[in-house]
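Trainee: Take a look at the following structure, please.
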Amino acid sequence: MKKIVYASVAAVCIMLCSLFSTVSAQDTLTTKVEKKEFGIYSAGLSASWYVPGMSYWNKTYFPANNWQNEFKGAMNYGAFLELSIVKNLRARLTGSYWSQTVKSGNIVMGMVTTENTLRNSLTNISIDALYNLSFLSFATLRPYVGIGGGFVFVNTKYTQSPTGFPMGEVTVHGQDYTGNVTAGIEVPIVAGFTAAVEFKYFIGNYLQEVRDLSENITNEKVSLAGPQIGINLFWVFPQKYERMVIPAGN
């Protein structure tokens with residue numbers, strides 16, 4: 001009798017072990033690995049050439065005051081963080097800085113010759129939505145397009161040499177909104193690092209307070225519209241994965 005009981009218990013143990021092994025094997029075979037869509041996608045740096053319109057300065061103020069130079073563009077430097085939202089769609093938060101100084105050249109004012117400088121700096125905080133054009137991808141090239149908006153802080157400083165005139169030195173701070181459209185192409189460099197050539201076109205303007213020699217103050221609209229083309233270099237964070245078990249029979 002004991003032998004029968006021992007044999008029955010052993011058989012049950014063998015059956016349970018066999019069933020557990022079968023379920024484990026089925027779980028392994030039916031486990032699907034899928035990427036989580038939402039999360040940090042990348043972080044990087046950018047360097048680009050930005051040519052804002054600066055219409056009031058270039059087309060009105062400089063010609064009227066015999067300046068020999070004008071705003072023609074300068075380097076724009078930035079840092080950004082990207083979030084993956086859903087497949088092919090990501091959001092980018094960027095902080096950037098642009099600055100250019102224009103010198104008037106010698107300007108004769110009666111018995112005095114002056115040389116003036118005007119320095120404009122723009123600090124821009126922007127959010128862009130970027131969409132990967134996966135259907136246009138070729139080899140390792142990945143094109144994308146986007147649209148975005150930002151908030152720009154403006155710092156304008158006018159200096160006159162020699163000093164002593166009513167507009168000897170003026171520093172003005174301001175801010176306004178901008179918008180942009182984007183197109184770019186990404187290409188992986190080495191594991192984890194990717195480079196992109198990117199073109200943006202900005203729209204928008206800001207109001208500039210201008211004081212003339214008679215101390216009259218006016219607000220002039222200065223255009224920020226213009227192209228920007230540059231290179232981004234960024235680190236793509238390791239992809240995050242999750243396990244999803246597909247029920248047997250599906």
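Trainee: For the residue pair Val190 and Asp176, what label-to-label distance in nm results when each label sits 7 Å from Cα along the Cα-to-beta-carbon direction?
Mentor: Taking the simple label geometry, Val190 and Asp176 are separated by 4.4 nm.
Trainee: To the nearest 20 debye, what is the magnitude of the charge dipole of segment 36-245 about its Cα centre, counting +1 on the Cβ of each Lys and Arg and -1 on the Cβ of each Asp and Glu?
Mentor: With Lys and Arg at +1 and Asp and Glu at -1, about 600 debye.
Trainee: Treating the beta-carbon of each Lys and Arg as +1 and of each Asp and Glu as -1, no other charges, what is the dipole magnitude of segment 174-217 about its Cα centre, to the nearest 20 debye?
Mentor: 200
Trainee: How many lysine pairs does segment 36-245 hold where the Cα atoms are under 24 Å apart and the two sit 8 or more places apart or on different chains?
Mentor: For segment 36-245, qualifying lysine pairs total 17.
Trainee: A further question on this structure: Need one number: nm distance between label points at Val197 and Ala79, each 7 Å from Cα along Cα→Cβ, rounded to one decimal.
Mentor: 2.8
Trainee: Additional query: Can you tell me the FRET efficiency between Phe135 and Tyr97 if r is taken as the Cβ-Cβ distance and R0 is 25 Å, rounded to the nearest 0.05?
Mentor: It comes out at approximately 0.10.
Trainee: In segment 36-245, if the dipole is taken from +1 on Lys/Arg beta carbons and -1 on Asp/Glu beta carbons about the Cα centre, which of Val187, Phe151, Ala64 is farthest to the positive end?
Mentor: So the residue furthest toward the plus end is Val187.
Trainee: As a test of understanding, state the convex hull volume per residue of segment 36-245 from its alpha carbons, in Å³.
Mentor: With only Cα atoms used, segment 36-245 gives 128 Å³ per residue.
Trainee: Moving on. Sorting Trp67, Trp57 on the 10 Å Cβ count, fewest up front, what's the list?
Mentor: Going from least to most buried by this count: Trp67, Trp57.
Every read-out reported here was derived from the displayed coordinates using simple, explicitly stated rules and does not represent laboratory data. No experiment lies behind these values; they were computed from the predicted model shown. Please note: Cβ atoms are built from the backbone with ideal geometry, for glycine as well, and neighbour counts cover all protein chains shown.
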